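The values are calculated or read from the model by the stated rules, or taken from the named source; none is laboratory data. It should be emphasised that the depicted structure is a prediction, and the values quoted were computed from it without experimental measurement. Virtual Cβ from ideal backbone geometry, glycine too; neighbours counted across all protein chains shown.
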Amino acid sequence: MSRAQTDIELPAKCARWRRPGTLPMFSYYNRLVMLVLGANIATLVYGLQVGLWWSSNDVLQTLSGLVVANLSLTILIRQQYVINLLFWLATRAPTTWPLAIRRSLAKVYHFGGLHSGGAIAAIAWFAALLGSMVWQRLAGTGAVSLTLIGLSTGLFGVLLLMAIMALPGIRARFHNAFECTHRFAGWAALLMFWATTLIFARDQNPSTALTVVLAHSASFWMLLLLTLSIALPWLRLRKVPVSLVRPSSHAVLVRFDHHTPFAGSSTAISRHPLWEWHSFANIPAPGARGFRLIISRAGDWTGEFIEQAPTHVWVKGITTAGVAHVETLFKSVVYIATGSGIGPVLPHVLAGKVPIRLIWSTRSPRATYGDALVDEILRAQPDALIWDTDVLGKPDLLQLGYTAVQSFGAEALICISNQTLTQRLVEEMEARGIPAYGAIWDS
């Protein structure tokens, strides 16, 4: 990067009243949460207006349906095939469309807001359902067994535990506990939902055959679909061989040959499939079979992986689209990566589907990741700015990013870094009118 390029002045941020959509509290994620909650509140208000909640004989059926509807949204929006479909639909827009539309479509990776909103609403409706069951039991106005109330109370406790563990502060501090809770408590909740569904159907229709009741129950069929959705990734569980190259004690390059994923996707791997799973960006090479992952030391699991290199790892599900997959919505893109964040960026650099300008900030890139990887990047992107922090110190990535966007004429910036830096760069860029994207750490 020449001296002239680095002299581009960073403008002031727009006034807050002119950019409310760029503030974290108004993120697309939070907007989707509010959309779901708003729809549920509207349903609640409508029920109050027509007297549904206290006069209808079918109030338990209605509340049960609302729980299942929100639960379905919560689970299905995280299904890998659904995620890939959402990304596929969002990226169908041609680059001839107005940038205002394309920059909004590129926020597709905020779909987790539907997951969170649905989960909150499902728990709230379940609390109302449980309260209604207790009231009807005490009043003697409905067929509600003590078994159903007891099982529902336990299920409500499990759902609350999962919700508490998913709170951002708790999830970040106790991430392994969060993952285990979501996995094992989630399975327990699914089994308990099946039990409550069967008992509820029996209690509400004691004189009709259970099979007949279930055949006409929308909740039963949705629960069946949700069970299949949850089981599907595990039905694809397999142990595959890997080969590793360790250029340093900080990083390892893992090679897979069992299939070739698409650029912009990720794969979840594990050494013990019932416990920890970690997702890494796939690095396929154009015209070559297989793919690589870059794993850098960032905790106990990655440290053990580097020091005690396995010959096989477990994989499950299918490769899933990630944030950088939205690059095709833009005519040109600036990528900012730090450290092993080069992993999610490299497949796009190699594929060359979109004109790219790369800024990579890392410690001793050749010593850490190997000459072969650095040379591969430079062959594909000769103009890449590789900033060695051991030699040059920490860069002003905001200034570098803005300069690159202006000098390259890029339509958008994508940042792959740690949570703090990613959120800061995305907000700072968007506050200056530049579409910016980066992971949101919502799972």
* Asked: Of all residues in the range 371-392, how many are under 17 Å from P355 (Cα atoms) and surrounded by fewer than 12 Cβ atoms within 10 Å (Cβ to Cβ)?
  -> 3
* To do: Scan I149, I101, I170 and give me the residue that is without any contact (Cβ under 8 Å) to a residue 24 or more places away in the chain and more than 30 Å from Q419 (Cα to Cα).
  => I149
* Pick from the range 45-68 the residues that are crowded, with 16+ Cβ neighbours inside 10 Å and either without any contact (Cβ under 8 Å) to a residue 40 or more places away in the chain or outside the structural domain of S116 (by TED's automatic domain parsing) (or both): which of them is farthest from the chain's Cα centre (by Cα)? -> L52
* Which residue out of G401, G433 is of a type in the set (G, A, S) and in contact with a Leu (Cβ under 6 Å, 6 or more places away or on another chain)? -> G401
* Structure fact -> How many residues of the range 390-438 are farther than 16 Å from V333 by Cα, within 23 Å of the chain's Cα centre (by Cα) and of a type in the set (A, V, I, L, M, F, W, C)? The answer is 1
* To do: Evaluate the range 164-177: report whether one residue or more is within 28 Å of T62 (Cβ to Cβ) and either modelled with pLDDT of 85 or more or in contact with a helix residue (DSSP H, G or I) (Cβ under 8 Å, 6 or more places away or on another chain) (or both).
  => yes
* Considering only residues that are hydrophobic (A, V, I, L, M, F, W, C) and part of a loop (DSSP other than H, G, I, E, B), look in the range 284-305 and name the one that is modelled with the lowest pLDDT. => A298
* To do: Give the residues of the range 293-346 that are of a type in the set (G, A, S), surrounded by fewer than 19 Cβ atoms within 10 Å (Cβ to Cβ) and in contact with a strand residue (DSSP E or B) (Cβ under 6 Å, 6 or more places away or on another chain), sorted by residue number.
  => A309
* Asked: Mind checking which residues of the range 241-267 are surrounded by 19 or more Cβ atoms within 10 Å (Cβ to Cβ), under 21 Å from A324 (Cβ atoms) and of a type in the set (A, V, I, L, M, F, W, C)?
  -> A251, L253, V254, F256, A263
* **Criterion (more than 25 Å from S364 (Cα to Cα) and either in the same structural domain as K353 (by TED's automatic domain parsing) or modelled with pLDDT under 85 (or both)) met by exactly one of T328, T311** => T328
* Being loosely packed, with under 15 Cβ neighbours inside 10 Å, out of contact with any Lys or Arg (no Cβ under 7 Å at 6 or more places or on another chain) and part of a helix (DSSP H, G or I), is that true of even one residue in the range 197-210? -> no
* Return the only residue of L190, L253, L232, L226 being in contact (Cβ under 8 Å) with a residue 24 or more places away in the chain, outside any helix (DSSP H, G or I) and hydrophobic (A, V, I, L, M, F, W, C). => L253
